[in-house]
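S.K.: After the C-alpha cells below, expect a handful of questions from me.
The values are calculated or read from the model by the stated rules, or taken from the named source; none is laboratory data. On a predicted model such as this, the values are computed, not experimentally measured, just so you know. When we count neighbours, we look across all protein chains shown, and the Cβ atoms used for this are built from the backbone with ideal geometry, even at glycine.
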Amino acid sequence: MAELLTEPLGYGFFSRALLAVVVIGAMCGAMSTFIVLRRMSYVGHGLAHSVLGGVAVAVALGYSTYVGALAATLLSAVLIDRVSRRRGLHADAAIGIVTTAFFALGIAVVSVLEAGRVNTESLLFGSPLAVTSTDLWLAVGVAAGLALVLLTAYKPLLFTTFDPEVARVHGVRAGAMEALLNLLTAAVVIASVRVMGVLLVAAAVVIPAALARLLTRSFATMLGVAVAVGVANGLGGLYLSYYADVPSGATIVLVGTALFALAYLATHLDRQRRLRRARATAPAAAAPTAT
Amino acid sequence: MPQHPAIAFTDVAAGYDGATVLHGLDWQVARGAFVGIAGPSGAGKTTLVRLLTGQAERHAGRVEVAGETLGPRARQRIGYVPQLGGIDWDFPLRVEQAVLLGRTADSARLPWFSRSERREARELLERLGIGALARRHIRELSGGQQQRMFLARAMIRRCDILLLDEPTSGVDLATRHDILALLAELNAEGLTVLLTTHDLNWVAAQLPHIALLNGTIVREGAPREVLTPDALLATYGAHMRVLREGDQVVVTDEAPLLPHADVAASG
Ligand SMILES: Nc1ncnc2c1ncn2[C@@H]1O[C@H](COP(=O)(O)OP(=O)(O)OP(=O)(O)O)[C@@H](O)[C@H]1O
Ligand SMILES: [Mg+2]
C-alpha cells in the first residue's frame, strides 16, 4: 500500500508535481473562500478561459506563455469592467462575452499554428508532466504573496467581503481590498493553470470553499478547511492522474467533487437526524382526528 | 472653543450619478441631539444618511461634522447602522466577530483581535442585552437582536454620532420600544443620534426632535409642533388627521382607506 504512494516519487517530475499541487491546492483553497463568499465564482471561470487566448497568441508570436496569460487576464478584466458598466448589462453577461471571445481566439490560433507547438490537451485539462521548475517557483511566489496579504490584511479583507459599504464607512479601504482580491484571483488562476488546465481551474477555486461552507459557520475555520481540502484534492488527484493516466486537472476536480458530495451527504443526514430527534422530543400537539 | 453642531449642512445638494435627490438643504443637528427624519418613500432619507457616510454624491454646498469638513477624518466620529436588508446572513460569522470588525481600521494588522478588543466587544453586547448570544452565528438572531449587533459594531468604533437607517422597520412593538429606549439611554450619555423612520406615531412622535423631509427639510422641531396637518400635507402631499391628547400626538388617515365592509358586502 505504502509503495503505491512512494513508487512514483522516484520520478523527478512527479516529486516536482507533488510540490506544485500542494502549493496550488493550498492557495486555490484559500482564494476560493473569498471567491465563493463574494459570489464571484464565475469570474475565476472567465479568467481561466481567457488564459487560453493569451497563451495561444503568445506561442504564435514567440513570447513566454506566462506573458500571454497575464496580458489576457488583465485585458479581459478591464474589458469586463467596461462592458458591465453599460446599463442593462451585468458582470455575468460581460464575463460571458469577453472571456469566451478570448477562448475562441485561443482555439482559432491554436488550430492555425503548426501541429505540436501547443499541446492543447495539457493546456485545457492540465498535466503534471508539464510542470517545470519555473512553474513551481511561480506557484510558490504567488502563494507566498497570498499568505503575506492574508496575514497583514486579514481583518480588512474579511470586513470588505462581508459588508463593503459599512467597511468603507468604518475607514477600511474597501475599494483597494476588492482590487487586491481580484488581482490575487488572477494571479492564483495563472499560477494554477499548468496543473489544473484552462477548463478545470475554475472548479479548483470554488469546490474547496463550497465544501468548507457546508461544515463550518466561522470564517477562520472555513478558510482553514478550504486550504486543507484544496491540498487533499491536489494530492488525491495527482496520484489518481498518475495511476489512471488521466489529465491531472480532471482527476483533481473529480476528487474534489467526490469529497464535496460526501460532505453534502453527511451534513444532510445530520440534519435529518436532528430533525427526527426534535420531532420525537417535541411536546405532542393535539393529534389530528381522523374523520 | 465654540461649540460646533454635531452635523451642519449648508446649502447642500446631493444625489447619485449626477441626479439630484436632496437640494437646498440647510440644516443642523445639535451636539447631543436625538433626531428623527421622516418623509415619504423616495424623499431622500437614506440619501441624507448616505451622504454622511460617503456613499452618495455631494453636488453643492458644505457638510461639516463637529466643525470639520466631511472627509475620512471627520467620518471617524460616525457610527453607521444600515438597514438590515442587503446583508448575506449566511456569511460564516459569529456575532462577536461581526461586532469586532467595526474596529478593523483602528486595530493592529494582525489576523486576530486583541484580548482587550474582545473584552470590549463582549461588554458592548452585554450592555445591549445580547451578551449571551456572542458565540451564535449571525443568522441565529431575531431582527431586533441583529439590529443591536450592528449597533454594537458601530459603537465599538467609539463614535460620538450614531446614524441609523430605519432601525425599527420590521420589528415588533416590544423590540421597537427596546431599541428606542436603548438609543435614548445612549443619547443621555452624550451620543448624538440621528435616525430615519416611516413610523410617525410610534417612533417620530416619541422623539424629542424630528424633521420632515421631502427633497429638503420641510419642517423641524418638537413632534407637537411639527406634526400638523399642513406640514404633513406639504411633506407627503396627502391630507392627514392629527389627534392630540395632552402631550401625545397621533397621525391618522383623514378618510377611510378602503370602502367599509358592509358597503362592499351590499354592493
Ligand atoms: N444608489 C442609487 N442610485 C441612484 N438613485 C438612487 C440610489 N438610491 C436611491 N436613489 C434614488 O434617490 C431617491 C431617494 O431615495 P432614498 O433611498 O434616499 O429615499 P428614502 O427617503 O430613503 O425612501 P424609503 O423611505 O423608501 O427608504 C429615490 O428617487 C431613489 O430612486
Ligand atoms: Mg430609505
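Here's the yes/no breakdown for (1) modelled with pLDDT of 85 or more; (2) in a helix (DSSP H, G or I); (3) more than 23 Å from the chain's Cα centre (by Cα):
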site	(1), (2), (3)
B:ALA205	no, yes, no
B:ARG219	yes, no, no
B:GLU225	yes, yes, no
B:LEU232	yes, yes, no
B:ARG244	no, no, yes
B:VAL250	no, no, no
B:LEU258	no, no, yes
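S.K.: Across the range B:90-137, what is the total count of residues that are within 11 Å of another protein chain (Cβ to nearest Cβ) and in a loop (DSSP other than H, G, I, E, B)?
M.R.: 15
S.K.: Considering only residues of the range B:26-45 that are away from ligand 2 (no atom under 16 Å from the Cβ) and either within 14 Å of chain A (Cβ to nearest Cβ) or more than 15 Å from the chain's Cα centre (by Cα) (or both), which is surrounded by the most Cβ atoms within 10 Å (Cβ to Cβ)?
M.R.: B:TRP27
S.K.: Something else now. Only one of A:ALA228, A:ALA263, A:ALA280 is of a type outside the set (Lys, Arg), over 22 Å from A:VAL189 (Cα atoms) and either in contact with a helix residue (DSSP H, G or I) (Cβ under 9 Å, 6 or more places away or on another chain) or buried (at least 18 other Cβ atoms within 10 Å of the Cβ) (or both). Can you tell me which?
M.R.: A:ALA263
S.K.: If I filter the range B:57-69 for residues that are within 16 Å of ligand 2 (Cβ to nearest atom) and not in a helix (DSSP H, G or I), do I get at least one hit?
M.R.: Taking every residue of the range B:57-69 in turn, none turns out to be within 16 Å of ligand 2 (Cβ to nearest atom) and not in a helix (DSSP H, G or I).
S.K.: Please enumerate the residues belonging to the range B:72-88 that are within 11 Å of another protein chain (Cβ to nearest Cβ), of a type outside the set (D, E, K, R) and outside any helix (DSSP H, G or I).
M.R.: Matches in the range B:72-88: B:GLN76, B:ILE78, B:GLY79, B:TYR80, B:VAL81, B:PRO82, B:GLN83, B:GLY86, B:ILE87.
S.K.: Checking B:MET149 against (1) within 14 Å of chain A (Cβ to nearest Cβ); (2) touching a residue at least 24 places away in the same chain (Cβ under 8 Å); (3) under 28 Å from B:VAL12 (Cα atoms), which single condition isn't satisfied?
M.R.: Unmet for B:MET149, out of (1) within 14 Å of chain A (Cβ to nearest Cβ); (2) touching a residue at least 24 places away in the same chain (Cβ under 8 Å); (3) under 28 Å from B:VAL12 (Cα atoms): (3).
S.K.: Could you tell me whether B:LEU48 is more than 12 Å from every other protein chain (Cβ to nearest Cβ), under 27 Å from B:GLY143 (Cα atoms) and modelled with pLDDT of 90 or more?
M.R.: So B:LEU48 fits the description; yes.
S.K.: Quick one: in the range B:219-239, of everything that is of a type in the set (A, V, I, L, M, F, W, C) and surrounded by fewer than 18 Cβ atoms within 10 Å (Cβ to Cβ), which residue is farthest from B:GLU254 (Cα to Cα)?
M.R.: If we take residues in the range B:219-239 being of a type in the set (A, V, I, L, M, F, W, C) and surrounded by fewer than 18 Cβ atoms within 10 Å (Cβ to Cβ), then B:ALA222 is farthest from B:GLU254 (Cα to Cα).
S.K.: Also: Taking the range B:1-55 on its own, how many of its residues are more than 9 Å from ligand 1 (Cβ to nearest atom) and among the acidic types (Asp, Glu)?
M.R.: Total meeting the criteria: 2.
S.K.: Looking only at the range B:69-83, which residues are away from ligand 1 (no atom under 13 Å from the Cβ) and either in contact (Cβ under 8 Å) with a residue 60 or more places away in the chain or of a type in the set (Gly, Ala, Ser) (or both)?
M.R.: B:GLY71, B:ALA74, B:GLN76, B:ARG77, B:ILE78, B:GLY79, B:TYR80, B:VAL81
S.K.: Pull up the range B:167-201, narrow it to residues that are small (Gly, Ala, Ser) and outside any helix (DSSP H, G or I), then point me to the one that is nearest to B:VAL35 (Cα to Cα).
M.R.: Result: B:GLY190.
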